[in-house]
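Take a look at the structure below.
Values in this text are rule-based calculations from the coordinates and carry no lab data. These numbers come from a predicted model, not from an experiment. Cβ sites come from the backbone with ideal geometry, for glycine too, and all protein chains shown count toward neighbours.
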Amino acid sequence: MRVLGIESTCDETSAAVIEDGRRVLANVVATQADLHAVYRGVVPEIASRAHIENILPVLRETLERANVTLDEIDAIAVAHRPGLIGSLLVGVTAAKTLSLVLGRPIVGVDHVQAHLFSVLLDNDSDVPLPAVGLVCSGGHTALYLVETWTQIRRLGATLDDAVGEAYDKVAAILGLGYPGGPILDRLASRGDPRAIDFPRTLLGHESLDFSFSGLKTSVLYHVRGHKGRERTAESLTESQIADVAASFQAACVDVLIEKLSRAAAKFDAKSIVIGGGVSANAGLRAAVAKLPLPSFVPTLAYCTDNAAMIAGLGCELLARGIVSDLLLDAHPASAIV
Ligand code: KG4
Ligand code: ZN
């Protein structure tokens, strides 16, 4: 069974071909990071226009790299939620067109659910279920109970910023580039995580929700002084910036690990899975590996947005007889609540 996946929820145009549910034959990602960098965040109108330009070249390159023709595709999976509506519509329209022309089934995939599934790509090991899952990215930070790969319940979510968004904003406060996550991750490895005692917002003893806006404001005050404009990041030395990065990262990781541990204990989880852009973070990956349960993280290429995870979950849905049709619509919100 070969599934073609399409992903266009935010600012990456991606297509992939998967064989037998987990084996990635090709995964092509056209990133728009450069187009949005000047605005330090994704501009929806620019994103949808770029998806229109990228979608056909990306599809062509994917088929070439996978060494398959369209006739050899058995089904099409597309991320149809959650995301920017103008961006989603480009992928959904391309998928529907292919489904109609090729006469192959189409299946709509929830992008957040696919981030959890990404731990299975190019991976032969079995993930013991139920698992507690963490999706941490620029748009999402939420905990899930994964009963099966298609039965997922949300346990908690951020009340304000996503953790990736906090990384991007802290990088902006420090005068670094966009996206900020990978830059701060690199700097953190050179800094002292105990240099600054940034707050760990846990929201009460049992809460499985998150809040990162206080941490972000705390970094702002530390860097710019208590009125937020007494000085700028330019007055900091390289080693001070590395200490801010390391201390900020330690605060984020402590909170994510504490919430994962709480949820795992509460729901008697047999394993931990993480996904989303921030699951590429070296500090988080090291901390998750130390948890007293089997833990699964995606290969680096499948942490950030990609179509391989959409095709993989699409395959799983099809195997369970879950298919969509040409009335498939794009939705800004996830279906998992
Ligand atoms: O999953 P993703 O590609 O898109 C969304 O669905 O949001 O995640 C992008 C986010 C950005 O905020 C980026 O700064 C963050 O993931 N990110 C990281 C790292 N790599 C990407 N954050 C921390 N450490 C990293 N190594
Ligand atoms: Zn994502």
For segment 209-337, take the convex hull of the Cα atoms, compute a quarter of its surface area, and give me that in nm², please. 11.8
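Over 16 Å, how big is the tail of the calculated P(r) for segment 1-99, in percent of all Cα pairs? Write out the running numbers ahead of the final one.
Values: 2534 of 4851 pairs.
Roughly 52 percent, rounded to a whole number.
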Measure off 7 Å from each Cα along the Cα-to-Cβ vector at Thr148 and Ala333, then give the distance between these two points in nanometres to one decimal. 2.6
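Within a 10 angstrom radius of the beta carbon, how do Ile106, Ile183, Ile6 rank from fewest other beta carbons to most? Show your work: numbers first, answer last.
Numbers: Ile106 26, Ile183 18, Ile6 30.
Ascending Cβ contact count within 10 Å gives the list Ile183, Ile106, Ile6.
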Report the full-extension gain for the segment Tyr221 to Ser261: residue separation times 0.36 nm, less the Cα-Cα distance, to one decimal in nm. 11.4 nm
Give me the log10 of I(q) over I(0) for segment 219-279 at q = 0.13, 0.14, 0.21, 0.30 Å⁻¹, as the Debye formula computes it from C-alpha points; what are the numbers? -0.54, -0.59, -0.86, -1.20
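Order of Thr69, Thr201, Thr141 from fewest to most other C-beta atoms within 10 Å? Provide the component values of the computation, followed by the final result.
Details: Thr69 9, Thr201 18, Thr141 30.
Ascending number of Cβ neighbours within 10 Å: Thr69, Thr201, Thr141.
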Across 20 Å bins from 0, what is the distribution of all Cα-Cα pair distances for the chain, in whole percents? 33, 55, 12, 0
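Starting from the Cα gyration tensor of segment 47-179, take the square roots of the eigenvalues, sort them a ≥ b ≥ c, and report rounded, prolate or oblate (rounded when a/c is under 1.5, otherwise prolate if a/b is larger than b/c, else oblate).
Details: a/c = 1.99, a/b = 1.29, b/c = 1.55.
Because a/c hits 1.5 or more and a/b fails to exceed b/c, segment 47-179 counts as oblate.
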Ranked by GNM mean-square fluctuation in the chain (Cα springs under 10 Å), the top entry among Phe212, Phe248, Phe267 is Phe267
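In whole Å, what three semi-axes, largest first, describe the equivalent ellipsoid of segment 283-333 built from its Cα gyration tensor (square root of 5 times each eigenvalue)?
Values: eigenvalues 188, 40, 22 Å².
Taking √(5λ) for each eigenvalue gives 31, 14, 10 Å, largest first.
Per-residue ellipticity at 222 nm for the chain, helices alone: DSSP H runs ≥ 4 residues times -39500 (n - 2.57), over residue total, nearest 500 deg cm²/dmol? Write down the numbers at each step before the final one.
Details: 10 runs with 134 residues, N = 337.
It comes out at -12500 deg cm²/dmol, rounded to the nearest 500.
What is the projected area of the convex hull of the Cα atoms of segment 1-55, averaged over all directions, in nm²?
That works out to 4.0 nm², a quarter of the Cα hull's surface.
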Using alpha-carbon positions, what is the distance between the centroids of segment 109-179 and segment 220-242, in Å? 30
Give the order of Tyr167, Tyr39 when sorted by the count of other beta carbons within 10 angstrom, beginning with the fewest. Tyr39, Tyr167
Work out the count of Lys pairs in the chain where the Cα-Cα distance is under 15 Å, with the pair 8 or more places apart or on different chains. 4
Per principal axis, largest first, the Cα atoms of segment 93-141 extend in Å by 39, 29, 18
